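Right, one structure below, let's go through it.
Here, each number is a calculation from the coordinates, and none is a lab measurement. This structure is a prediction, so every number in the text was calculated from the model and none was measured. Positions of Cβ are backbone-derived with ideal geometry, glycine not excepted, and every protein chain shown enters the neighbour counts.
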Amino acid sequence: MSRHTVTFLPGGVAVATESGRTVLETAAAAGVGINSACGGQGTCGKCKVMVLGEDGEVLACQLLVERDLTVEIPPESQVRDSSILTKLSVGAALTVGEAPLAQRVAVELAPPGAARHEADAERLLRALRQRFGGAFQDYALDLAALRALPAVGRSQDWRFDAILADVNGVGRVIGVEPSASAAYGLAIDLGTTTIVAALLELETGRVVGSHAQLNGQTRFGADVISRIIYAQENENGLAELREAARDTINHCVESVLREHDLEPDDALAAVIVGNTVMTHLLLGVDPANIRREPYVPAFRSLPTLRAADVGLAIRPGAPVYLAPCVSSYVGGDITAGALAAAVTDSPQLTLFIDLGTNGEAVVARDEWAVCCSCSAGPAFEGSGLDYGMYAASGAIERVAYDPATDTVDYGVIGDEAPRGICGSGYVDTLAELLRAGVIDRSGRIALDFASPRVRVRSEIPEFVLVWGSEVNRAEDISVGQDDIQTLIRSKSAVYSGVATLLDSLNLRAMEIERLLIAGGFGNYLHPDHAVAIGLLPDLPRERIRFLGNTALTGAGMALLAREARQRTEAIAARMTNFELSAVPSYMERYVSGLFLPHTDLSLFPSVTQG
């Protein structure tokens with residue numbers, strides 16, 4: 001098979017590829033980010049590129065490489081990983097408790113002598129038992145550490161560091177090294193859309209830095225169901241998906257380590273949190289049964305693994321803890337988030353909602369918790385929408401519309417021109433257009449609204465948010481009728497899921513004392529607008545708090561203390577999963593939610609009175 005060279009602009013990255021591969025596949029292999037929400041099916045239109053020497057735009061997923069090409073990726077099709085926003089403030093510190101997942105322990109041993117015939121390993125383990133006592137069930141020595149012990153001990157006059165890991169309650173020495181001043185670990189959020197790796201000091205809990213990247217699996221589909229199908233229908237699909245997740249994680253890890261002049265061996269441990277499907281795919285475990293009745297995963301929790309077994313590019317023997325899942329669609333990101341939000345540690349009735357690529361809800365008080373997955377889909381991450389994008393630089397995250405002057409005031413993440421709209425921007429837009437009368441309660445655009453922003457393009461009504469000529473873009477940025485209907489379906493899935501969950505507990509929305517919102521776009525969500533469109537229950541606004549990436553925070557907490565890991569396990573064990581599809585009234589509630597804010601306006605008194 002012949003080979004050709006594809007050069008990507010901007011950047012000038014050139015890669016050799018086999019004839020017949022698509023430009024999208026070639027870009028992925030070269031580490032060049034091109035937007036693709038449909039998994040290369042040609043339906044989302046996000047991967048538009050231009051081939052030098054040819055007129056017009058083409059879809060990278062449909063363009064086959066049959067000769068040498070130079071491909072220009074326009075700004076709206078670019079994926080710039082460094083611009084993805086993370087949420088663990090650099091410089092902040094999390095609490096360090098007893099038995100972090102790994103730690104550096106300064107050891108001083110008596111040298112061997114004529115009167116002391118204990119082996120090197122025996123003297124080391126005895127010293128650790130004397131120091132930590134019953135903090136561990138037992139103590140053991142990895143083969144790699146044992147191989148290093150004789151030389152390191154003698155060269156350092158028996159004063160050195162033992163790298164002690166908490167492996168399922170056993171104090172396991174995974175390394176023996178000359179003394180060093182700092183020890184580092186990683187908290188990793190394995191998201192469906194984005195992956196974030198945060199670097200923490202294990203001794204102080206300080207967040208040193210972080211790096212985020214669009215999950216490489218997105219080229220196989222925007223949601224977990226499309227990825228399960230890909231794994232089923234392609235001979236090497238599961239291996240490809242595992243490789244994509246592993247490579248993305250390792251790119252994030254390598255980037256944050258390199259930024260701080262650290263080597264892979266300097267990372268002593270890692271905690272990974274992700275939904276159930278993502279965890280299966282990372283480990284190469286077939287997730288097919290997750291989407292087949294009775295929807296049972298292959299596993300919900302696992303013993304602590306080794307980095308080499310997971311494929312993590314850090315110290316091979318480093319312990320890797322994966323937060324436990326609850327069910328097929330409520331994963332370790334939710335149990336870690338519930339840990340960070342302390343949802344089971346309060347006498348207040350708490351509703352915790354994670355608004356990410358999907359939507360999960362937890363209702364909890366004190367020691368009990370009930371959860372569900374709301375099947376919202378990835379719309380609030382920008383997928384499936386004409387100008388949708390994740391919350392990153394260039395995303396419109398705030399919108400206000402004045403119908404009297406026909407002006408749109410908008411805020412953009414980062415210091416650059418708008419490239420698209422993220423979830424919070426869409427929520428604002430729906431609320432503002434409803435208030436102004438541009439759309440009715442069903443979400444239908446009023447074509448007789450007196451504004452040039454209301455128009456029909458390709459037979460689809462739309463509202464123009466940003467004129468391209470004002471920001472040096474070839475295209476205007478707009479919200480179309482189909483986008484609005486997709487968003488309404490997503491918001492209804494969240495609200496009706498929460499309403500069904502509350503009803504199953506004989507609770508009313510007004511009884512909720514704390515509404516905690518987690519997830520990427522929740523950082524920018526306007527509570528009044530979220531209530532106005534019926535995404536969130538109509539509660540007094542002082543009860544609503546936005547927490548950001550609680551999954552990543554929970555991962556950091558689990559990295560730093562055994563007690564946090566135990567609490568995560570306890571949360572997963574006590575959390576009762578509620579399967580919405582088994583409730584006949586759920587679909588009725590969902591249909592009732594396909595209006596703005598809802599068919600039953602009595603549920604939203606502040607909206608109707610305002």
Per 10 Å bin from zero, what fraction in whole % of the C-alpha pairs of the stretch 102-177 is there, up to the bin with the longest pair? 20, 57, 21, 2
So how much slack lies between HIS260 and THR599, counting 0.36 nm per residue of separation and subtracting their Cα-Cα distance, in nm? 116.7 nm
Cα-only radius of gyration and Dmax that characterise the stretch 149-192, units Å: 14.3, 49
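Within 10 Å of each residue's Cβ, count the other Cβ atoms and sort GLU243, GLU235 from fewest upward.
Numbers: GLU243 16, GLU235 7.
So the ranking, lowest neighbour count to highest, is GLU235, GLU243.
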Based on Cα coordinates alone, diagonalise the gyration tensor for the chain, multiply each eigenvalue by 5, take square roots, and list the semi-axes in whole Å, largest first. 45, 31, 20
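If we count every other residue with Cβ under 13 angstrom of ALA474's Cβ, Lys/Arg +1 and Asp/Glu -1, where does the sum land?
Charge balance in the 13 Å sphere: -3.
Going by how many other Cβ atoms sit within 10 Å of their own, how do ARG172, ARG123 line up, fewest first? Mind showing how you got there, number by number?
Working: ARG172 22, ARG123 19.
So the residues, fewest neighbours to most, are ARG123, ARG172.
Compute the FRET efficiency between THR95 and ALA182 as 1/(1 + (r/R0)^6), taking r as their Cβ-Cβ distance and R0 = 22 Å, and round to the nearest 0.05. Each step should come with its number before you reach the end.
Details: r = 18 Å, r/R0 = 0.82.
Computed FRET efficiency for THR95 and ALA182 comes out at 0.75.
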Taking a ≥ b ≥ c as the square roots of the eigenvalues of the Cα gyration tensor, with a/c under 1.5 meaning rounded and otherwise prolate when a/b exceeds b/c and oblate if not, the stretch 567-610 is oblate
Residues HIS280, HIS260, sorted so that the one with the fewest Cβ neighbours within 10 Å comes first: HIS260, HIS280
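Assuming R0 = 51 Å, can you tell me the calculated FRET efficiency for the pair ARG116 and ASN289, based on Cβ-Cβ distance, to the nearest 0.05? Can you show the working numbers first?
On the way: r = 57 Å, r/R0 = 1.12.
Once rounded, the FRET efficiency stands at 0.35.
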Treating only the Cα positions of the stretch 379-486 as identical point scatterers, give the base-10 log of I(q)/I(0) from the Debye formula at each q in 0.15, 0.17, 0.21 Å⁻¹. -0.56, -0.73, -1.16
Run the quick spin-label model on SER155 and ASN234: label points 7 Å from Cα toward the beta carbon, then report their separation in nm to one decimal. 4.5 nm
State the Kirkwood hydrodynamic radius of the stretch 507-610 in Å, one decimal place, computed from all pairs of distinct Cα atoms. 16.3 Å
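Starting from the exponent 0.38 and prefactor 2.2 Å, build the expected Rg for the stretch 136-252 from its residue count and divide its actual Cα Rg by it. Before the final figure, lay out the partial values.
Working: Rg = 19.6 Å, N = 117, 2.2 N^0.38 = 13.4 Å.
Working it through for the stretch 136-252, the quotient is 1.46.
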Among rounded, prolate and oblate, which fits the stretch 184-322 when a ≥ b ≥ c are the square roots of the eigenvalues of its C-alpha gyration tensor, a/c under 1.5 means rounded, and a/b larger than b/c means prolate? prolate
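Taking the DSSP beta bridges in the chain as the whole, what percent of them are antiparallel, to the nearest 5?
Details: 72 of 104 bridges.
Antiparallel: roughly 70 percent of the beta bridges in the chain.
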Would you work out if the stretch 3-79 is rounded, prolate or oblate? Take a ≥ b ≥ c from the square roots of the eigenvalues of the alpha-carbon gyration tensor; rounded if a/c is under 1.5, else prolate when a/b is larger than b/c, oblate otherwise. rounded
Under a Cβ-Cβ cut-off of 9 Å, what is the net charge of the residues other than PHE220 that fall near it, where Lys and Arg count +1 and Asp and Glu count -1? +1
Counting Lys and Arg as +1 and Asp and Glu as -1, each charge on the Cβ, what is the dipole of the chain about the Cα centre in debye, to the nearest 20? 1320 debye
Which of the GluC sites (Glu not before Pro) across the stretch 1-60 are loop residues per DSSP, with 12 or fewer other Cβ within 10 Å? GLU54
Scaled by the rule-of-thumb 2.2 N^0.38 Å, the alpha carbon Rg for the stretch 491-544 gives a ratio of 1.10
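Please report the equivalent ellipsoid semi-axes of the stretch 217-280, computed as sqrt(5 x eigenvalue) of the Cα gyration tensor, largest first, in whole Å. Provide the component values of the computation, followed by the final result.
Numbers: eigenvalues 156, 27, 19 Å².
Square roots of five times the eigenvalues give 28, 12, 10 Å.
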